[in-house]
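Working notes, structure below.
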Amino acid sequence: MVDSYLLRAGEARAFFSAQGAECRKWQIGARDLLWSGDEAIWPAISPVLFPTCGWSREGHIRIGDKRHPMPVHGFAAHSFFDAEHIDDSTLRFTLQADAITHAHYPFEFRLALTYRLEAHALSVTCEISNAGSHRMPYAVGLHPGFALDWSAGAHRFIFDEPERSQVPLIAPGGLFSARQRPVPLEGRVLDLTPELFADEALCFLDTRSRAFALGAPDGRLRIEAPDFPHLVLWNRKGGPFLAIESWTGTGDPEGFDGAFFERPSMIHLEPGANRQHHVRYAWEPLGRAVASP
């Protein structure tokens, strides 16, 4: 089985693994946009989340009268996808339901990830199809960790619209608490430090913004996520990265004991239907036009 795939566009290169349909490296010239991974901190680089985003209570979901084990963020990141090179700059990965996925998620789904590389951008389209005869609940997300050198100077995260300066507390087991905690968000600008993530991720739910930017000393990363209502920022142990996560759904609320269909923010797909979700990441180095907040 071929496990590694390469896309090219100008000076840009992107490398992918069939396991998890994961982008493992994205570079423009000598600039690495993604972090390289570290088993001691976080071994993943840019996992795909499906059919859940976040944690499920006690590691299970309930469908009808049956409980099914569900890993954090679902099983897509641990699954092997079929791959098809469309051209030098476009790659499509596909995962379909089988006996292994049915143990976790008893639905006839098809998940396709299409990556397109440009000279200064990488776009991703997630397409979910319901090939079964029953309504199908799902959530999908993207979880890339972008390289970030905390010692190199100030970093800031910029929202396109003003957002609430509070985020949910994360309860034991990764569940979403109804309680809130403040974040130092000034209008649209959040100054970043490793200490911000000492109490877990910053989960901005139902954001007004659908585009964001990560400002760094040598440029700016622009993220456009029109089909994802939730944004999560995360770091672990002060590692040299910032995970910028786009989610359509959320983890279970604290105390939730409902069925998977009742989980907040799930998308319900009718039989025979499909739905797409798009994200585009664009790198604007110093020397190109970089707008101020």
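All of the numbers you see were taken from the coordinates with simple rules; none came from a lab. Keep in mind that what you see is a predicted model, and the values were worked out from it rather than measured. Cβ coordinates were reconstructed from backbone atoms using ideal geometry, including for glycine residues, and neighbour counts include every protein chain displayed.
Determine how many Å³ per residue the convex hull of the Cα atoms of the chain encloses. Each step should come with its number before you reach the end.
Values: hull volume 37.8 nm³, N = 293.
About 129 Å³ per residue, rounded to a whole number.
With a cut-off of 8 Å between alpha carbons and a minimum separation of six or more residues, what is the relative contact order of the chain in percent?
Values: 736 pairs, mean separation 59.0, N = 293.
Taking the mean separation of contacting Cα pairs over the length of the chain, I get 20 percent.
Calculated FRET efficiency, ARG181 and ASP206, Cβ-Cβ r, R0 25 Å, to nearest 0.05?
The computed FRET efficiency comes out at 0.90.
Taking N as the number of residues in region 104-193, what is its Cα Rg relative to 2.2 N^0.38 Å?
The value comes to 1.53.
Based on DSSP loop calls and a cut-off of at most 12 other Cβ atoms within 10 Å, the longest stretch of the chain free of exposed GluC sites (Glu not before Pro) is what?
40-293
Could you work out the Rg to Rh ratio of region 38-77, with Rh taken as the Kirkwood radius (inverse of the mean 1/r over all Cα pairs)?
Rg/Rh: 1.08.
Between ILE86, ILE45, ILE28, where does the largest GNM mean-square fluctuation fall for the chain, given springs only between Cα atoms within less than 10 Å?
ILE86
Write down the percent of antiparallel bridges among all DSSP beta bridges whose residues are both part of the chain, to the nearest 5.
Here the antiparallel bridges make up roughly 95 percent for the chain.
What is the Cα centroid distance between region 235-251 and region 1-37, reported in whole angstrom?
About 19 Å separates the Cα centre of region 235-251 from the one of region 1-37.
Which longest run of the chain has no exposed loop site in it, a site being trypsin sites (Lys or Arg not before Pro) in a DSSP loop with at most 13 other beta carbons within 10 Å, and the site itself not part of the run? Intermediate values should be presented prior to the final figure.
Numbers: sites that count: ARG135, ARG208, LYS237.
Looking at the chain, 1-134 is the longest stretch - no exposed trypsin sites (Lys or Arg not before Pro) with at most 13 other Cβ atoms within 10 Å.
Be a star and scan region 130-148 for residues whose amide nitrogen sits under 18 Å from the point 7 Å along the Cα-to-Cβ vector of VAL189.
none
Give, rounded to the nearest 20 debye, the magnitude of the charge dipole that the chain has about its Cα centre when Lys and Arg contribute +1 at Cβ and Asp and Glu contribute -1 at Cβ.
Taking the Cα centre of the chain as origin, the dipole is about 220 debye.
Given +1 on the Cβ of Lys and Arg, -1 on the Cβ of Asp and Glu, and no further charges, what dipole in debye does region 87-178 carry about its Cα centre, rounded to the nearest 20?
Roughly 280 debye for region 87-178.
At R0 = 35 Å, how high is the FRET efficiency between THR94 and ASP32 if r is their beta carbon distance? Nearest 0.05 is fine.
So the FRET efficiency works out to roughly 0.80.
How big is Rg to Rh over region 141-293, alpha-carbon atoms, Rh as the Kirkwood inverse-mean-distance radius?
Reported Rg/Rh, Kirkwood definition of Rh: 0.98.
May I ask for the Rg/Rh ratio of region 1-132, computed from Cα atoms with Rh as the Kirkwood radius, given to two decimals?
Reported Rg/Rh (Cα atoms, Kirkwood Rh): 1.01.
Note down the relative contact order for region 202-271 as a percent, whole number, built from C-alpha pairs under 8 angstrom at least six residues apart.
23
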